[in-house]
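Heads up: the structure comes next, in structure tokens.
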Amino acid sequence: MNDILPPEVSKWQFVEEKARAVLEAFAYRELRTPILEYTPLFVRSVGEDTEVVEKQMYTFADRDGQSVTMRPEGTACAVRAYIARSQWNREPVTRWYYLGPMFRHERAQRGRLRQFHQVGAEVFGLAAPTVDAEMIAMLVALLAEMGIKSSDLEVALNTLGEPEERASYREALRGYFSNHLDKLDEDSRQRLQTNPLRILDSKDPDIQTLAAHAPVLLDRLGDTSKRHFETVRSHLSALGIQSVVDTKLVRGLDYYTGTIFEVKAKLGDLGAQNTLGGGGRYDRLVSSLGGPEVPAIGFALGVERVLLALAEPAEDFEPVLALFIAVLGDKAQAWALPVAHRLRMAGVRTEVEHRQASLKAQLKRADALKARLALIVGDNELQSGKLVLRDLGTRQQHEVTEAELEARIRQLVDF
Ligand code: AMP
């Protein structure tokens, strides 16, 4: 769990602003849910036999003895809120997005934290494959706006079909892997019983070789599921999005049905943790948590991973400090306070010196703060009404009156 300090925080703000702008353009509205939920919500949605629920949740009893969990992901929370408000009666098509911290007790490494942050989006009430394509295109657009080009991304797609199709596939997988028990590690043997699909995304090279010859779900789907998946792919290419079908892609959470996807970065400093985000359809989740049958699809993007993929140093994202007011003496100090206040209220980012210090020391601080301009105010300047505005880049000096100040600053600094 990290503190996020300046200047790094400016990069965060940039990513968050871009996320909001793109999601709002796609007509999503923000949802904010609590960090804590009752534990059964995640057990029932994410799934009892998943990595997240088995090993990673921050779960504890509250003072009433109720088991609560710090949210490990956002979809279950959104669905809970959707059901609690009977949202289907208010908006037959609901588009929500969220931004915020998630908690998983993972083995910490680069790009993998215990408190991490996600930008996520969910659409309820639409079953058409056009929505799947629209959402994937939105995710790619979001990353492009943040500065990660689509040529640096890989979009992987798969489909998990309907739960019935998946159930018969699960049996086929069990049959296949049972014939190779000797090649399975302890984890995979366990998964063979609980959730054999998860063997497919094992990181163990021997098991990957074995999985390469395993039956493929896509080959076993009924016409409806197949057609949905093919239609998503054709809409995606019409939108100019390159994607690859990855039949080993399963995603770690149980609630998915139909289309699933992941976006990986081919650049940056991510190493093995190069999956920026992922998502998929979860057409049965609303009803399984007690709501009506409402189709839905969503994704979540990891903010820390996006930040690692962005090469620019955090300093480049910092806002410009337009003005530093250097004051010499008590009169100047008294004059500066209301002037700085007015400028700040007019949106001019301003720092004013509050300590007794030499002009040299004050200008040094102005440089350290990367201020664009310094206003130098002493008794003489106040008496004559002629203030000195120094451009700290070019070192040029401009004589200004108090009345001209704001306009001159705007002329000299682009902000
Ligand atoms: P998931 O909810 O597991 O599908 O994760 C969606 C995205 O959230 C991933 O692609 C990562 O970018 C990010 N993410 C998930 N877990 C972590 C973590 N422990 N630390 C940092 N980012 C994470």
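The values are calculated or read from the model by the stated rules, or taken from the named source; none is laboratory data. Everything numeric in this text was worked out from a predicted model, so none of it was measured. Reconstructed Cβ throughout: ideal geometry from the backbone, glycine too, with neighbour counts over all protein chains shown. What goes into the accessible areas is simple: the full protein's heavy atoms, side chains included, and nothing from ligands, DNA or RNA. Shrake-Rupley method; radii C 1.70, N 1.55, O 1.52, S 1.80 Å.
Quick notes on this structure:
- Globularity index of the chain, i.e. its alpha-carbon radius of gyration over 2.2 N^0.38 Å: 1.27
- By the helix-only formula, in which each DSSP H run with n ≥ 4 contributes -39500 (n - 2.57) and the sum is divided by residues, the chain has a 222 nm mean residue ellipticity of -11500 deg cm²/dmol.
- Converting phi to 3J(HN,Hα) with the Karplus coefficients 6.51, -1.76 and 1.60 and the offset θ = phi - 60°, segment 406-415 yields 4, 4, 5, 4, 5, 5, 8, 10, 8, 9 Hz in sequence order, with x at every glycine or proline.
- Among Val339, Pro292, Thr394 the positive-end extreme of the charge dipole of the chain (Cβ point charges): Val339
- Sorted largest first, extent of segment 319-412 alpha carbons per principal axis (Å): 30, 27, 25
- A probe of 1.4 angstrom, applied to the heavy atoms of all protein chains, finds Arg80 with accessible area near 80 square angstrom.
- Centroid-to-centroid separation of segment 317-344 and segment 99-174 [C-alpha atoms, Å]: 47 Å
- Charged-residue dipole, Cβ positions (Lys, Arg, Asp, Glu), the chain about Cα centre, Debye nearest 20: 520 debye
- Between Val352 and Ile325, the built amide H atoms are under 5 Å apart, and every one of these is 5 or more places off in sequence or on another chain.
- Note on Asp3: accessible area is roughly 140 Å² with a 1.4 Å probe, heavy atoms of protein only.
- Among the GluC sites (Glu not before Pro) found in segment 267-337, those both in a DSSP coil and sparsely packed, with 13 or fewer other Cβ atoms within 10 Å of their Cβ, are Glu293.
- One decimal place: the segment Ala172-Lys331 gains 48.7 nm when fully extended, by the rule 0.36 nm per residue minus the C-alpha distance.
- Here the accessible area is traced with a 1.4 Å probe on the protein chains. For the chain, carbon and sulfur cover 49 percent of it.
- Among the listed pairs Lys203/Lys248; Lys55/Lys266; Lys226/Lys266; Lys183/Lys203; Lys18/Lys370; Lys11/Lys370, those beyond 19 Å (Cα-Cα): Lys55/Lys266; Lys226/Lys266; Lys18/Lys370
- Taking the C-alpha atoms only, the angle from helix 129-146 to the longest principal axis of the chain is near 30 degrees.
- Per residue accessible area in Å² of the chain, where ligands, DNA and RNA are left out and the probe is 1.4 Å: 48 Å²
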